[in-house]
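Notes for the one structure printed next.
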Amino acid sequence: MGAAQANPGALATPAVLGLSPYVPGKPISELEREYGVHDIVKLASNENPWGPSAAAIAAIQAALPELWLYPDGSAHELKQALARHLGLPAAHVTVGNGSNELLLLLAETFLGPDRSGVFAQYGFAIYPLVIRATGARCLVAAAQAPGSAMPYGHDLATLAAAIEPDTRLVFIANPNNPTGTWLEGEPLRAFLRAAPAHTLVVLDEAYLEYARESGVADGLAWLDEFPNLVLLRTFSKAHGLAGARIGYALSHPSVASAMDRIRPAFNVGSLAQAAAIGALGDLAHVQRVAQRTAAERQRMETILRGRGVRFVPSVANFLLIEVGEGAARIYENLLRAGLIVRPVGGYGLPRHLRVTVSLPAHNDRLLAELQRLLPAGSPATP
Ligand SMILES: *Cc1c(COP(=O)(O)O)cnc(C)c1O
């Protein structure tokens, strides 16, 4: 028997064999099983603890009896609702099983072994994964340096310089995960103006609803002007529907139709489609969530600042906190206290932990544990 038969997984493409799987935040049930702790709070995946709109839940309940039917593979009703909501024709919309699937679809559609994809240092970890999976080269643009206007944030100059003749996709998250940093409208628009026509610019706006309050640019107004612009949005964050798995891309219709050639026929379930339509009918809910989250984030920032704990200023529903050398130990101790946060050593940030801004009582638990684990001012000296 040959080696390949004993280990058939080794028959995967070299590109796939070269990948390490994405490590998601630890699920609550896993912590319960492994540590035997209860009353667990998950602050590791930037979910929305306020939950979805009652209208989304009612829409899911109303859709349940039809669960024996395949969903509408073209998501007609949802695309119409999105088109109305956004003020553009439905031909610009592609729906996905979370925006994660759209990232995969974009990579599979536009990348391959003779092409490259660009993203920024400290950019979202899924970007290198989907680029490499196709056999394309990953080109990483250095982030803004410490001491710059926005340390850890995307640097549009290095991103522009990283683009090569074979680059077909540039991934930009605004605001970015895991840093919470953001880009202003004018520089971003100038970047789009200068981007070569042979490169699609993917603007991942997963946290835009949280950042609107801070005046962060929305790429929607630029879609007509830049046919190579692709926007990604999701119902997983401010809409509180992470478990439903639904997101969407807004692009030139020709990009949507290219992706449609490989999109799985029924990629978004009927409950997710119903939930999204319900959620779009209650935007006041999202606004409330964004306001409460911003208030909590500012409260946490003030408390951390008062203690001399450093963090990266954020406009999203999470904070990247600098806890210092002992980040792994602090992460472990937080787990034992029933608090799941996100280590970001994999991002090249071994001194930081990313924490979701949650309900006031959850945040208070985190702040109290951090105070116990981080004597005042200790990590602040670099
Ligand atoms: C959470 C997140 C997404 C959304 O993922 P879904 O698949 O829609 O749940 C996309 N991009 C970034 C940067 C994220 O943090």
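Listed values, structure above:
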{"item": "The chain, Cα convex hull volume normalised per residue, Å³", "result": "165"}
{"item": "Formal net charge of residues neighbouring F226 (Cβ-Cβ distance under 14 Å; K, R +1; D, E -1)", "result": "-1"}
{"item": "Helix-only [θ]222 nm of the chain, DSSP H runs n ≥ 4, -39500 (n - 2.57) each, per residue, nearest 500", "result": "-11000 deg cm²/dmol"}
{"item": "Net charge of Cβ neighbours under 15 Å - reference A81; Lys, Arg +1; Asp, Glu -1", "result": "0"}
{"item": "Among 48-61, 136-149, the order from most to least packed when residues are scored by Cβ within 10 Å on average", "result": "48-61, 136-149"}
{"item": "Cβ-defined net charge surrounding L319, 12 Å radius [Lys, Arg +1; Asp, Glu -1]", "result": "+3"}
{"item": "Accessible carbon and sulfur surface of the chain relative to its total accessible area, %, 1.4 Å", "result": "57"}
{"item": "Loop-resident sites, segment 135-210, for GluC sites (Glu not before Pro), counting at most 16 other Cβ within 10 Å (DSSP)", "result": "E184"}
{"item": "Shape of segment 81-156, Cα gyration tensor, a/c cut at 1.5", "result": "oblate"}
{"item": "Inter-centroid distance (Cα atoms) of segment 58-132 relative to segment 314-367, Å", "result": "29"}
{"item": "Mean Cβ neighbour count within 10 Å, used as a protection proxy, ranking 332-343, 230-241, 271-282 highest first", "result": "230-241, 271-282, 332-343"}
{"item": "Dipole magnitude of segment 219-321 about its Cα centre (Cβ charges: Lys, Arg +1; Asp, Glu -1), debye to nearest 20", "result": "540"}
{"item": "Distance in nm between pseudo-label sites at Q121 and A161 (7 Å out along the Cβ direction from Cα)", "result": "1.1"}
{"item": "Heavy-atom surface of the chain, accessible at 1.4 Å and reported per residue (Å²)", "result": "43"}
{"item": "For segment 253-341: span of alpha carbons on each principal axis (Å, largest first)", "result": "51, 31, 29"}
{"item": "Relative contact order (%) - criterion: Cα under 8 Å, at least six apart; region: the chain", "result": "22"}
{"item": "Given charges at beta-carbon only (K, R positive; D, E negative), |dipole| of the chain in Debye", "result": "600"}
{"item": "Nitroxide proxy distance, nm - points 7 Å out along Cα→Cβ at A83 and R261", "result": "2.3"}
{"item": "Calculated diffusion of segment 19-171, Stokes-Einstein form, Kirkwood radius summed over Cα pairs, 37 °C and 0.692 mPa s, µm²/s", "result": "170"}
{"item": "Cross-link reach list, aspartates and glutamates versus K237, counting only Cα pairs under 12 Å and skipping chain neighbours closer than eight places", "result": "E47, E205, E209"}
{"item": "Packing-based ranking, highest mean first, of 168-175, 221-228, 347-354 given that Cβ atoms within 10 Å are counted", "result": "168-175, 347-354, 221-228"}
{"item": "Fully extended contour minus Cα-Cα distance, from I57 to T13, at 0.36 nm per residue", "result": "11.7 nm"}
{"item": "Global geometry of segment 111-241, whether rounded, prolate or oblate, following the gyration tensor of its Cα atoms and the 1.5 cut on a/c", "result": "rounded"}
{"item": "Amide N proximity, segment 85-101 versus E66 label position 7 Å along Cα-to-Cβ, cut-off under 18 Å", "result": "95-96"}
{"item": "Rounded, prolate or oblate (a/c below 1.5 giving rounded, otherwise prolate when a/b exceeds b/c) for segment 11-74 by Cα gyration tensor", "result": "oblate"}
{"item": "Test item: Cα-centred dipole of segment 72-124, Lys/Arg +1 and Asp/Glu -1 on Cβ, debye", "result": "180"}
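The values are calculated or read from the model by the stated rules, or taken from the named source; none is laboratory data. Computed from a predicted structure; not experimentally measured. Glycine also receives a Cβ, built like all others from the backbone with ideal geometry; neighbour counts cover every protein chain displayed. Side chains included, ligands, DNA and RNA excluded: accessible areas come from the protein's heavy atoms. Shrake-Rupley method; radii C 1.70, N 1.55, O 1.52, S 1.80 Å.
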